[in-house]
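Colleague: Sharing a structure with you now.
The values are calculated or read from the model by the stated rules, or taken from the named source; none is laboratory data. All values derive from a computational prediction rather than experimental measurement. Positions of Cβ are backbone-derived with ideal geometry, glycine not excepted, and every protein chain shown enters the neighbour counts.
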Amino acid sequence: MGAIIKLNKWANAHTNIGFDLLRVLLGSFLFYKGIDFMGQTGLIIELLDPVDTFGWTMIIVHYITMTHIFGGLLIIIGLLTRPAILLQLPVLVSAVLLNFLGEMVVINLVQASIALLLSVFFMIYGSGKHSVDYSLKMGM
């Protein structure tokens, strides 16, 4: 817990509006992808069909969609940013790996890689000064 407090103090001392805008853009992208996945569940089921064991495909599809939608919203407003990103990481790592295991689509690989790198950055950096987390912390 002490490491997180030190990271938050460092991030709040070195923050600017650019990092917060980048956080909002990441959350918006993840939210958009969640909405996009809702319309393409058939494609995701088809992609995961070879590795389906015990009917996990539908659970995975719902996990991906809900994690992107609700996690994206939390990241946008800066509330529980680190836990929201922690739930995103398995999905983003899988998205990068699927491009190497399946058909390589360069734009998907670039999008997933950038989202993964930004997520790792904000996992370390935190939500920043212009966030609900910071407002709640300063209000107490």
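Colleague: From the list 117, 74, which one is among the hydrophobic types (A, V, I, L, M, F, W, C) and either surrounded by 17 or more Cβ atoms within 10 Å (Cβ to Cβ) or under 20 Å from residue 63 (Cα atoms) (or both)? Reasoning before the result, please.
Modeller: Details: 117 fails: either surrounded by 17 or more Cβ atoms within 10 Å (Cβ to Cβ) or under 20 Å from residue 63 (Cα atoms) (or both).
Result: 74 is the single residue among 117, 74 that is among the hydrophobic types (A, V, I, L, M, F, W, C) and either surrounded by 17 or more Cβ atoms within 10 Å (Cβ to Cβ) or under 20 Å from residue 63 (Cα atoms) (or both).
Colleague: Right, something else. Report whether or not residue 19 is modelled with pLDDT under 90, in contact with a His (Cβ under 8 Å, 6 or more places away or on another chain) and aromatic (Phe, Trp, Tyr).
Modeller: Values: modelled with pLDDT under 90: yes; in contact with a His (Cβ under 8 Å, 6 or more places away or on another chain): no; aromatic (Phe, Trp, Tyr): yes.
Answer is no for this residue.
Colleague: If a residue has to be without any contact (Cβ under 8 Å) to a residue 60 or more places away in the chain and either within 19 Å of residue 19 (Cβ to Cβ) or part of a loop (DSSP other than H, G, I, E, B) (or both) to count, how many in segment 60-82 make the cut?
Modeller: Filtering segment 60-82 down to residues without any contact (Cβ under 8 Å) to a residue 60 or more places away in the chain leaves 60-81.
Checking the rest, the ones that are also either within 19 Å of residue 19 (Cβ to Cβ) or part of a loop (DSSP other than H, G, I, E, B) (or both) come to 71-81.
Final tally of qualifying residues: 11.
Colleague: For residues that are modelled with pLDDT of 80 or more and crowded, with 17+ Cβ neighbours inside 10 Å, scanning just segment 25-59, find the one that is nearest to residue 78 (Cα to Cα).
Modeller: Filtering segment 25-59 for residues that are modelled with pLDDT of 80 or more and crowded, with 17+ Cβ neighbours inside 10 Å, the one nearest to residue 78 (Cα to Cα) comes out as 27.
Colleague: How many residues does segment 90-117 contain that are in contact (Cβ under 8 Å) with a residue 40 or more places away in the chain and either within 20 Å of residue 46 (Cα to Cα) or not in a helix (DSSP H, G or I) (or both)?
Modeller: 2
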